[in-house]
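Enquirer: The structure under discussion is supplied below as structure tokens; questions concerning it will follow.
Since every read-out is calculated from the coordinates, none of them should be taken as a lab result. Predicted model, so just to flag it, every value in this text is computed and none were measured. Virtual Cβ from ideal backbone geometry, glycine too; neighbours counted across all protein chains shown.
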Amino acid sequence: MRMRKKKHGAERIEACAELLIRDISTLKGGYASVFPDEKPLHLEIGCGKGNFAVGMAKKYPDVNFIAMERVADVCCIALEKAMADKEERPTDNLRFLIGDAKLLRENVLPHSLDCIYLNFSDPWPKAGHAKRRLTHRGFLEIYKGLLKEDGILRFKTDNVGLFDFSLEEFEEFGTELLFLTRDLHSTEKNADNVMTEYEKNFSDKGTPICSAWIRFKQ
Ligand SMILES: C[S@@+](CC[C@H](N)C(=O)[O-])C[C@H]1O[C@@H](n2cnc3c(N)ncnc32)[C@H](O)[C@@H]1O
């Protein structure tokens, strides 16, 4: 997602500071300082402009959500969306992290997450860039370390090449496939599906959405 640098980006992010986890390393010690109540914890990596995270936090008040995005200007839009939503309803279950998924390994309490979402991750189509794909085995190793034993990774994408690559990585890494579709919106899971910005754009154009849910073998 390429964006022009946002004017007054830092001030705009500061205005949403109450929803921001400023220092990722605070997560090493758990979540008591981040959320007022202890609840199952879900993490979205690459949240973009925040539709999914805001929609999920609203739909599932009994779950705490962290939405992570490495581009500060993109996260700024997500933060402002969440702040606007906050005016309509009390929300204590959504926080944002600005940073790269690579930082999770060193900074997050091991086996503390119930679910990780990867939504429309960048496909990095060149073979030489495969390690950057968020479903590459290098990242799967990080996710395995973060998820509880029965935790789930949920992935959706429009990109068939990335989907096929990801299924191979999931199998070779050692995972149990819980759900697989190449047309999410025509499955029963669609009733509970919260769309992302990319998902809406692609499905408006008639592109089917692929999705897989996996659990790591222990
Ligand atoms: C194609 S966009 C999809 C955005 C959103 N999930 C959606 O479906 O509308 C991918 C997003 O993931 C973010 N991203 C890519 N690699 C990342 C990483 N290693 N750590 C955190 N965010 C990442 C990008 O900055 C971008 O905003």
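Enquirer: On the given criteria, is residue 67 at negative phi and over 12 Å from the mean Cα position of the chain (by Cα)?
Expert: No.
Enquirer: Restricting attention to region 10-53, which residues are among the small types (Gly, Ala, Ser), touching a strand residue (DSSP E or B) at 6+ places or on another chain (Cβ under 9 Å) and not in a loop (DSSP other than H, G, I, E, B)?
Expert: 53
Enquirer: Hey, does region 75-84 have a residue that's over 18 Å from the mean Cα position of the chain (by Cα) and either more than 16 Å from the ligand (Cβ to nearest atom) or among the hydroxyl-bearing types (Ser, Thr, Tyr) (or both)?
Expert: Yes: region 75-84 contains one or more residues that are over 18 Å from the mean Cα position of the chain (by Cα) and either more than 16 Å from the ligand (Cβ to nearest atom) or among the hydroxyl-bearing types (Ser, Thr, Tyr) (or both).
Enquirer: Looking at region 86-116 only, could you name the residues that are free of Cβ contacts under 8 Å to residues at least 60 places away in the same chain, under 17 Å from residue 36 (Cα atoms) and either of a type in the set (D, E, K, R) or in contact with a strand residue (DSSP E or B) (Cβ under 8 Å, 6 or more places away or on another chain) (or both)?
Expert: Matches in region 86-116: 89, 92, 93.
Enquirer: Only one of 139, 202, 165 is within 20 Å of residue 65 (Cβ to Cβ), within 16 Å of the ligand (Cβ to nearest atom) and not charged (D, E, K, R); which?
Expert: Result of the check over 139, 202, 165: 139.
Enquirer: Of all residues in region 54-63, which are part of a helix (DSSP H, G or I) and away from the ligand (no atom under 16 Å from the Cβ)?
Expert: Across region 54-63, the qualifying residues are 58, 59.
Enquirer: Looking only at region 99-123, which residues are hydrophobic (A, V, I, L, M, F, W, C) and more than 9 Å from the ligand (Cβ to nearest atom)?
Expert: 108, 109, 113, 115, 116
Enquirer: Here's something else I'd like to know. Going by what's in this entry, would residue 95 be described as part of a strand (DSSP E or B) and either more than 10 Å from the ligand (Cβ to nearest atom) or in contact with a Pro (Cβ under 9 Å, 6 or more places away or on another chain) (or both)?
Expert: Yes.
Enquirer: Taking only region 181-218 into account, find how many residues are among the aliphatic types (A, V, I, L, M) and more than 16 Å from residue 117 (Cβ to Cβ).
Expert: Number of matching residues: 1.
Enquirer: Among the numbered criteria (1) out of contact with any Cys (no Cβ under 6 Å at 6 or more places or on another chain); (2) within 15 Å of the ligand (Cβ to nearest atom); (3) over 21 Å from residue 64 (Cα atoms), which single criterion is violated by residue 157?
Expert: Just one mismatch for residue 157, condition (1).
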